[in-house]
Amino acid sequence: MGAPRKKPAVTTATPLTEYQSYHAIIRQIPRGSVLTYGDVAQLAGRPGSARRVGYSLAALKDQTVPWWRVVNARGEISERSGDFMGAAQVEQRVSLLREGVEFDADGKLDLARYRRGAPG
DNA sequence: ATTCTGACTTGGG
DNA sequence: CCCCAAGCCAGAA
C-alpha cells in the first residue's frame, strides 16, 4: 500500500490506565455500600490483581473517588504503610459511619449486608 | 534497560 | 481462629 503510515494527526484517546479503570469502578459505588479490593479488580476484568487496587488508591490524587468504600475481603478497613497512628483508617471508618455503615466490636462490617448488590 | 514494591486474595495446614 | 506461600503486574526509582 502506498503512503507510509504517519503519526495520527489527532492524539488518540489514551486508554485508561489500569489505575483509572479501578477508580472509575469505585466512583460508582453508591453511598452506604462497599466493595472489596477483589471485587473492584474483578469488575475491572483483572481478577487476581486485588493488591494493585489498593496500590492505585495509595497513589490517588483524585478527590472525587470515594476510596473509603473499599474494604478488604474480611470486611475490615485495611492498614496502610506510613499511616501515622492509623489516622487514615479512622478517617475511613468515620466516612463509612456517616453513610450509615455499622461496625461490630471487632471493627468489622457485615459484607453480606453492605457489599454493593447485597440485599438489605 | 532492570529491580523493587505493595490500602489484597485464596487456599492449605 | 491463626499463620504462611504463592499469585498478581503496573508504577516508581
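The values are calculated or read from the model by the stated rules, or taken from the named source; none is laboratory data. What you see is a predicted model; the values in this text were computed from it and never measured. Cβ placement follows ideal geometry from the backbone for every residue including glycine, while neighbour counts extend to all protein chains displayed.
Looking for something free of Cβ contacts under 8 Å to residues at least 60 places away in the same chain, loosely packed, with under 13 Cβ neighbours inside 10 Å, more than 11 Å from DNA strand B (Cβ to nearest atom) and of a type in the set (Ser, Thr, Tyr) - is there at least one such residue anywhere in the stretch A:81-90? Checked against the condition, which is being free of Cβ contacts under 8 Å to residues at least 60 places away in the same chain, loosely packed, with under 13 Cβ neighbours inside 10 Å, more than 11 Å from DNA strand B (Cβ to nearest atom) and of a type in the set (Ser, Thr, Tyr), the stretch A:81-90 yields no hits at all. When A:57, A:96 are checked against the criterion of being in contact with a strand residue (DSSP E or B) (Cβ under 9 Å, 6 or more places away or on another chain), modelled with pLDDT under 95 and either farther than 23 Å from residue A:16 by Cβ or buried (at least 17 other Cβ atoms within 10 Å of the Cβ) (or both), A:57 stands alone in meeting it.
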